[in-house]
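S.K.: Please see the structure below; I have some questions.
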Amino acid sequence: MIIGDRIYLRAVEVEDLDLCWRWVNDPEVTRYMLLGGWPISRLAEREWLERAARGTGDRDRQMAVCLRGSDRHIGNCGLHQISWRSGTADLGIVIGEKDCWDQGCGRDAVRTVLRHAFREMSLRKVTLSVLALNHRAIRCYEQCGFAVEGILRGQHLVDGLHVDEVRMAVFAPGR
Ligand SMILES: CC(C)(COP(=O)(O)OP(=O)(O)OC[C@H]1O[C@@H](n2cnc3c(N)ncnc32)[C@H](O)[C@@H]1OP(=O)(O)O)[C@@H](O)C(=O)NCCC(=O)NCCS
């Protein structure tokens, strides 16, 4: 378990299927996510969870975000495309329980992952991609120290419009 202020991170389990399947098929949750825009079957989500729970090798770490106190599972986050040689990884997060949005849970989860990435995994830099329309996410990431590194113009189609992808990154303190 990795403990944050209001949340903690634990391994994902196959028993998380019902919640995760609901989240990935909730249009409000996925609206600005780079998932491909297709409904996701229970089988596909189960297979994803099984892979994540088994551990997908050295390059990916997936974790469940839970509230301290109640143990309520409210989302998932992970580090992907970990490069041990370069000391880099790409961060992904979803807070699937919408009643938890805008209460600092995302910020707490991202800060907790970053602390772990920098202090326990010796990573040097964490990057992410976010749609330019995803103002809530960008605000959350900025508050965690991420800065914009570049813009991929018109990279994604959302609601019939081509929108920019923003690449952001944060460095470990002193690196
Ligand atoms: C993006 C996400 C992880 C953020 O988590 P969260 O717990 O809602 O975020 P936080 O409460 O920590 O921070 C959000 C901040 O954005 C602000 N915000 C909300 N809507 C906003 C908007 N339209 N414009 C600007 N800021 C906004 C909030 O007020 C808050 O800032 P504050 O604490 O200074 O008031 C979460 O909402 C989520 O998973 N959304 C759906 C999936 C998704 O978009 N994932 C990210 C893909 S890159």
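S.K.: What are the ³J(HN,Hα) values, in whole Hz, obtained from phi via the Karplus relation 6.51 cos²θ - 1.76 cosθ + 1.60 with θ = phi - 60°, for each residue of region 148-163 in sequence order, with x given for Gly and Pro?
M.R.: After applying 6.51 cos²θ - 1.76 cosθ + 1.60, I find 5, 10, x, 10, 9, 6, x, 6, 10, 9, 9, 6, x, 10, 7, 10 Hz.
S.K.: Please list the non-local residues whose amide H lies under 5 Å from the amide H of residue 121, H modeled 1.01 Å from N, same-chain partners needing a gap of 5 or more.
M.R.: none
S.K.: I've got another one for you. As an exercise, identify the trypsin sites (Lys or Arg not before Pro) in region 39-122 lying in DSSP coil whose Cβ has no more than 14 other Cβ atoms within 10 Å.
M.R.: Qualifying residues, ordered by number: 59, 68, 72, 85.
S.K.: Through the Karplus equation 6.51 cos²θ - 1.76 cosθ + 1.60, θ set to phi - 60°, convert the phi angles of region 136-141 into ³J(HN,Hα) values in whole Hz; use x for Gly and Pro.
M.R.: Per-residue couplings from phi come out as 4, 5, 4, 4, 4, 5 Hz.
S.K.: Tell me the volume per residue, in Å³, of the convex hull enclosing the alpha carbons of region 2-123. Walk me through the numbers on the way to the answer.
M.R.: Numbers: hull volume 12.8 nm³, N = 122.
Enclosed volume per residue, from the Cα hull, is 105 Å³.
S.K.: Turning to a different aspect of this structure: Return the whole-Å distance between the Cα centroid of region 106-136 and the Cα centroid of region 156-175.
M.R.: Cα centroid of region 106-136 versus Cα centroid of region 156-175: 12 Å apart.
S.K.: Evaluate E = 1/(1 + (r/R0)^6) for residue 148 and residue 10, where r is the Cβ-Cβ distance and R0 equals 25 Å; express this FRET efficiency to the nearest 0.05.
M.R.: 0.20
S.K.: Provide the net charge surrounding residue 130, with neighbours chosen by a C-beta distance below 13 Å and charges set as Lys +1, Arg +1, Asp -1, Glu -1.
M.R.: -1
Read-outs throughout are calculated quantities, based only on the coordinates presented, and are distinct from any laboratory measurement. Values in this document were obtained by computation on a predicted structure and should not be read as measured data. Cβ: placed from backbone, ideal geometry, glycine included. Neighbour counts: every protein chain shown.
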